[in-house]
Structures are given as structure tokens and as C-alpha cells.
Amino acid sequence: MIRLVPTAIATAGALIAMTAGAVAQSKTLDAVKQRGQLSCGVNVGLAGFSAADDKGNWTGLDVDYCKAIAAAVLGDAKKVKYVPTTTKERFTALQSGELDVLARNTTWTIQRDSAQGLSFVGVNYYDGQGFIVKKAAGAKTGKDLGGATVCVQTGTTTELNLADFFKASKLQYKPLVFEKADEALRAYQADRCDAYTTDVSGLYSVRLQMAKPDDHLVLPDVISKEPLGPAVRQGDSQWFTIVRWVHFALLNAEELGVTQANVDQMAASTNADIKRLLGKQDEFGKGLGLDNEWAYRIIKQVGNYGDIFDRNVGAGSRIKIDRGLNRLWTKGGLQYAPPIR
Amino acid sequence: MARDIRPAAMPPPLTVTGPVAWVRQNLFSSPLNGFLTLLGAWIAYEVLANVVNWAFLNATWQGEDGSACTREGAGACWPFVQAKFGQFMYGRYPDGERWRVDLTYALAIAGLAPLLIPRVPGKLWAAIYLAGIFPLIAVVLLLGDVPGLSYVPTQLWGGLLVTLVVSSAGIAWAFPIGIILALGRRSQMPIVRMVSVGFIEFVRGVPLITVLFMASVMLPLFLPENVSIDKLLRALIMVALFSAAYLAEVIRGGLQAIPRGQFEAADALGLSYAQKMGLIILPQALKLVIPGIVNTFIGLFKDTSLVLIIGIFDLLGIVQLGLADQKWISPATPITGYVFAGIVFWIFCFSISRYSQMIERRLAAGGQRTTTKPLGE
């Protein structure tokens, strides 16, 4: 969801930041190594992506990306300084140098990638708008929603996407709009509408807030593009490349079947792709400015993309988000990484 | 024959004395009052019954995660508060180091007791200790980074600790600054007056959230790289300056209420400006505006929640962070968390308010003698 006003504020901030950033061409990598800590911007609290567990440790899919970068660059996934950032301050925090990387469920758009001085390294979660409905109503896909009343938050792209979807599907619907997401959700709970719509990642948490979660179903349809991914400051291409290849290493590891559990056995593998990934053949770490075991450490300490997804938001979590678009390309999803070669 | 048996004294009829009469007189004196009493009782019962049901009868008392609180008509999810209680109090302050926070609280209470409780002696020493020594000890204890105490960055502070640190430091700084601003605004010197008026009016014209946002987001852009002021410190300074402006106006109200004669009498005695203000004017003015000052402080205490906007977790913020933990998601968790935060805030604000009323009564004792016996008659 993109709200217009905060975007405008952030843009103004970005303009100031870009002039400041042009002077400082410091190497983020050196700064991180010297500090001995990665400064990673995370959400102030989003189930499955960034939250504190009972012991106060940060957990989540975005948090694991911070850990993976720290493991690759500093050799220790624990050497992360988590900086909780709100929606409004996240970009300026990155531009001012307070953060080395922003892993905070941020949607990749052209405006952010150009005018706001950010560089998105990839998509670590393909999100998009979806629907939750009551199982008893019998809807199985979005096409079954003809004539339905849909609860939606007003003033966001969510509302526009909803209209577009029903127009394109040539279906009738009745939107019930609310100022706040909470209110829209409560109206759905009170049976005032047949479906509630927001981003799919949120729908699964919403389901857990129902008195009987199993009576509700998240439809498979994703009607908008919300590619979420980590971002770095523009102007430090080496750092950009490192963070980008941390992401690709996570994906390649899953594709090659190298998991946190079996990485040590896999190190003895004769498969050339696995040997290159784990640094047993060729010297790809050097090109990144790292040592050759960078990817091995990521997988050993954090896991591959599938491990991270399952543990935080997938089958191994309470949220149980369907992998959907986030499956590997080999399994019908969109997650695709260039080879390590 | 005279009858000398006195009739036994009958008790007064039930209708004029005892609880029945009280009920008749106060609750059912007329059909309308009777109706209103019943209506009130019914409303009170409905509300109370729901609260008791939610907080006790339908509440969940034991459970490993949110699924224990997931059912139709579930009440409060207390295991969530239990699991997160340490975080709610200390934030992510390391477990093994939390005694340092407790010790700081104890040292603060030791210093505050003589100042707050009239009977406890040693007020001068306590004031010197609180103003000069305690802040240093508190910073060293909480922050560490000295031999024997490991470094705990403010990033890890949170919960009630942050709420108390921000509000108490805010109050401690705002009070003297507020007095200076109030005096400055009434000063004869044009520059002093203009600076005071300018500051007060600027701050009062800007929402606190904007000031905090500026401190958090814009300030780093203006500072050279590698120079960063701690985020919590930035918030502290802003909160203190903000409250100082409001406090200055409250105190100015008190100053205006002091009759001119008091100023002239002080001048006639040949007192310097500092003596005049410190000995004659301010003690009277501050006494007059205690309700206003306490109001400002309670407002400040609750405003600390706004620091969440810059990614610092006060009590409310840390509760919200707990709500994001997927382990505890359930229909009952959010309400439980917010109710808990509300209760803690209420305990503190109510205590401050009761205490101020006590002080008001004590300080008003001198004034009452004159008001009960008006001079004019």
C-alpha cells in the first residue's frame, strides 16, 4: 500500500539526502567491517517479517536477511544492530548513513529506485493484494466473488486495485470502505461483508486473529504487485552487489538443495555448482570483496531461502503463508537467481 | 393506681433510620429517582459483569502460545502478558543486567523520598544528590561501558524503563527551563523577552510528533557523517524543550496572579532580583499553579508514547511490538496488551495526581486561615 502524503514527505527528504549523499562516497563495506556490526533497518513490528520473540531477540524473514548479510560480510550472523524504523523515517535513515541496509518489507517501485536514492537488490517476498473469505460461503477463487460485499481500507492503492480487479473480471461487487484497516477488519469479523482485502502477507496474520481461524480461507488470487525487498543507498555499487548476491546465494542454495541442516555434507559434494556456491571451487568471494566461504556461512548460520521462508512465515510458522509466487522458478514460482559461475 | 410499668422503648420505625431509611431517602425518594437508581444499577451491573467476565471468568490463564487464547468468546490472554512482562518493563535490556535498572529505580526512590514525603529529613542533601550525583550514577549504571559494567546501548532500552527515563528526565529539565522562560517572558530586557516569547510560541505552534520526527530524521542529515547523537538523547532533549514551553506559560499564569504589592515590598526591602524571585515571588506563584504544573507533567508522561514514531519502544511501543510476535497472535491478544499498558499508565498518572492534591492541601494550610476569616467584616 502506498499512501500519497508520506511519499511526498519522503521525496522531499530524499532530495536533501541526495545532495548529502553525493559528497560522502564512503565504502559501506569498509565502514561495516570497521564497526564490526551491520546496521540493519527493520520494521517496528510486523508478524513473520520483523518482531521480537519472548526473549527479546529479533526474528522474521527480513531479520534473517540482516543476519545473512552479517554472516557473509562479518562472519557472524549475530553481529547485527537492528534499527527499528517506521514507515516515514525508513528512507531518510538509510540515506543519512544510519543504516547500511534497509530490510523492511518495502515495495520496489520506480520512484523509490530512482528519485528517492534507493537501490533495491531484489525481491525477497512477492506480496500482493488478496482476499480472505469465510469458508462457509463457498468461494474458492476471486472469480467466485461476484456480487460480494468487500471490506477495504480507503485512501490506499488497495481500494483502487480492488476496483480494477472487479472491472477487469466483469463482476459486480459492493465496496464497504473504512478509514482504518482495523475498522475494516472488524466489519468483516462482524459479518458486515463477505470478504476483506489487503496484502496477502497481512491476510494470513489476520486469519490468526479470528476466533476460529480454520473457518476462513485466503484465496489464491493475487491482484496487485507488491514486490518487497531489501534496499541499499545508491552510489556504492560494491555494497549493492554484495547484498544482491547474498539474496541470490540464498535462492541458489535452495535450488541446489543445500540447506542449513545438510550444508556440511554438501560441502563434500562433487557437484560443480554446489562446490562453487560453497567456495570449494573458483574464487567468487574475492570479486565481491569477501572471502570464499561467504555463502557457506550464510547457509550454515541462517539457512537457505526456503529455510528462512518456512521458519518465519511458511509451513513451519504459525502464520502458514502459502509459498505461492515465492516458490522457486523450478517449482512454478517467481524466485529466480542468476547462477554462481 | 398508678401504673409504674413504662412501655418498653420501641426502636424508631425502620422508615426513618438505619440502612432502609438511607436507601429510601437517597435512592428512592421519588418515582423518578427510584427509576434512575434502578437504571444506574442495571448499567453498572452490565458493565461490571462484562469486565469481570473478560478479565477473569473467560480469561485464559495458561498457555504456550496464542492458540490457547483462540476460541469463541475468549477473554483476556494473560499468558501473553506473562511471557512478555520482562520486555514490557525493561524492553530488550539484557536479562542478566536488569538488576542495574532496578538499582537505578531504588537510588531514585532513595533520593525522592525525602523530597516527596514531608516527614522524612535530609531534604537539602537529597536535593543536592538528586540534582548533581544521581543523574551521573544513573547514566553510568544504565548505559555501562565502564569497568565491571558491560555496555547496554539505548537501542536495547525499552518498555516502562524508556517511559520513565524520558518522562523523568523531561520533567527534571523542563522545570528549570520553564521557570527561566516564564521569567524571561516577563523581563524588561527586550532581547531576553523576545527570545523567550519566540521560543515559547514556536514550540506551542508545532506538534510534538513533528519535533520528534525532525530530531530523528532531519538532524542526521545536517550533521556530518559519523557524527551521530543518540536517538534516545535526541528524543529526551526535544521532549524536555517541548514541555518547558508549556510549563513556562503555566508558571507565567502564577506570576501574573501575584499582587504588585509583593514585588514592591520585595524591592523596598532592598532584595536583589534573584532574592526577590527566589524568596518572595516564585514560592507563591508556583504554589498557585500546582494543578497546572501537574497537568503538564501528566501530559508529558503520556506523550512519551509518541517516541514510537522514531523507532524507540516505550511501554506502549513494546506492547505493540509484542503483538507482532506471531507466536502470540490471537483474537484476544491485542486488547489484552492495550489494557495492560493502559493500567500501568493509569497507575502512574493517578499516583502523580493524588500526590499533587496532598501537596496542595499542605501548602494551602497557610492560606486557609485568612480565607475562613475575611478581613472586610
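In the set A:D191, A:D199, only one residue is on the phi > 0 side of the Ramachandran plot and acidic (D, E); that residue is A:D191. Just to be sure, is A:T28 closer than 24 Å to A:Y126 by Cβ and either modelled with pLDDT under 95 or within 12 Å of chain B (Cβ to nearest Cβ) (or both)? No; evaluated as a whole, the condition is false for this residue. Residues in segment B:339-349: is at least one within 14 Å of chain A (Cβ to nearest Cβ), under 19 Å from the mean Cα position of the chain (by Cα) and farther than 30 Å from B:P114 by Cα? No - not one qualifying residue is present in segment B:339-349.
Listed here are the residues, each with its yes/no results for (1) assigned to a loop (DSSP other than H, G, I, E, B); (2) touching a helix residue (DSSP H, G or I) at 6+ places or on another chain (Cβ under 7 Å); (3) more than 17 Å from A:A231 (Cα to Cα); (4) free of Cβ contacts under 8 Å to residues at least 40 places away in the same chain.
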| site | (1), (2), (3), (4) |
| --- | --- |
| A:G41 | no, yes, no, no |
| A:D54 | yes, yes, yes, yes |
| A:V63 | no, no, no, no |
| A:I69 | no, yes, no, no |
| A:K78 | yes, no, yes, yes |
| A:T92 | no, yes, no, no |
| A:N105 | no, yes, no, no |
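Put simply, of A:D273, A:D307, A:D282 the only residue that is in a loop (DSSP other than H, G, I, E, B) and away from every other protein chain (no Cβ under 14 Å) is A:D282. Residues in segment A:115-125 include none that are touching a helix residue (DSSP H, G or I) at 6+ places or on another chain (Cβ under 8 Å), within 11 Å of another protein chain (Cβ to nearest Cβ) and at pLDDT 90 or above. Checking each residue in segment A:158-172 for being more than 30 Å from B:K327 (Cβ to Cβ), assigned to a helix (DSSP H, G or I) and polar (S, T, N, Q) picks out only A:N161.
Here segment B:299-316 is the region considered, the condition is being out of contact with any Ser or Thr (no Cβ under 7 Å at 6 or more places or on another chain) and within 14 Å of another protein chain (Cβ to nearest Cβ), and the residue that is farthest from B:G159 (Cα to Cα) is B:L306.
Determine, yes or no, whether A:D264 is part of a helix (DSSP H, G or I), surrounded by fewer than 20 Cβ atoms within 10 Å (Cβ to Cβ), out of contact with any Ser or Thr (no Cβ under 7 Å at 6 or more places or on another chain) and not assigned by TED's automatic domain parsing to the domain that holds A:C66. Yes. Can you find a residue that is touching a residue at least 40 places away in the same chain (Cβ under 8 Å), over 27 Å from B:L112 (Cα atoms) and assigned by TED's automatic domain parsing to the domain that holds B:A248 anywhere in segment B:170-181? The answer is no, given that none of the residues of segment B:170-181 is touching a residue at least 40 places away in the same chain (Cβ under 8 Å), over 27 Å from B:L112 (Cα atoms) and assigned by TED's automatic domain parsing to the domain that holds B:A248. Take the conditions (1) within 14 Å of chain B (Cβ to nearest Cβ); (2) more than 17 Å from the chain's Cα centre (by Cα); (3) surrounded by 24 or more Cβ atoms within 10 Å (Cβ to Cβ); A:F91 misses just one of them, which is (2).
When the helices (runs of 4 or more DSSP H) confined to segment B:75-167 are screened for residues that are crowded, with 16+ Cβ neighbours inside 10 Å, those reaching at least 3 such residues are found at B:78-90, B:98-116, B:134-143. For A:I321, are the conditions met, namely being among the aliphatic types (A, V, I, L, M), assigned to a loop (DSSP other than H, G, I, E, B) and surrounded by 21 or more Cβ atoms within 10 Å (Cβ to Cβ)? Yes; evaluated as a whole, the condition is true for this residue. Looking only at residues that are on the phi < 0 side of the Ramachandran plot and either modelled with pLDDT under 90 or outside any helix (DSSP H, G or I) (or both) in segment B:239-273, which one is nearest to the other protein chains (Cβ to nearest Cβ)? Checked segment B:239-273; the qualifying residue nearest to the other protein chains (Cβ to nearest Cβ) is B:I258. Could you list all residues from segment B:48-70 that are of a type outside the set (A, V, I, L, M), farther than 27 Å from B:L160 by Cα and loosely packed, with under 15 Cβ neighbours inside 10 Å? B:N50, B:N53, listed by residue number.
Among the residues of segment B:186-205, is any surrounded by 15 or more Cβ atoms within 10 Å (Cβ to Cβ), within 14 Å of chain A (Cβ to nearest Cβ) and assigned to a helix (DSSP H, G or I)? Looking through segment B:186-205, none of the residues is surrounded by 15 or more Cβ atoms within 10 Å (Cβ to Cβ), within 14 Å of chain A (Cβ to nearest Cβ) and assigned to a helix (DSSP H, G or I).
Summed over segment A:173-230, the residues that are away from every other protein chain (no Cβ under 14 Å) and in a helix (DSSP H, G or I) give a count of 3.
When A:I274, A:I299 are screened for being in contact with a helix residue (DSSP H, G or I) (Cβ under 6 Å, 6 or more places away or on another chain), among the β-branched types (V, I, T), outside the structural domain of A:I242 (by TED's automatic domain parsing) and under 19 Å from A:A70 (Cα atoms), only A:I299 passes.
Selection of segment A:37-79 for residues being within 12 Å of chain B (Cβ to nearest Cβ), buried (at least 24 other Cβ atoms within 10 Å of the Cβ), within 20 Å of A:I299 (Cα to Cα) and among the β-branched types (V, I, T) yields only A:V63.
Can you find a residue in segment B:139-152 that is within 21 Å of the chain's Cα centre (by Cα) and either within 29 Å of B:V344 (Cα to Cα) or within 14 Å of chain A (Cβ to nearest Cβ) (or both)? For segment B:139-152, residues within 21 Å of the chain's Cα centre (by Cα) and either within 29 Å of B:V344 (Cα to Cα) or within 14 Å of chain A (Cβ to nearest Cβ) (or both): absent. All conditions in (1) closer than 30 Å to A:S50 by Cβ; (2) more than 14 Å from chain A (Cβ to nearest Cβ); (3) surrounded by 17 or more Cβ atoms within 10 Å (Cβ to Cβ) hold for B:S330, with the sole exception of (2).
The values are calculated or read from the model by the stated rules, or taken from the named source; none is laboratory data. Keep in mind that this is a model prediction, so the values were computed, not measured. Cβ coordinates were reconstructed from backbone atoms using ideal geometry, including for glycine residues, and neighbour counts include every protein chain displayed.
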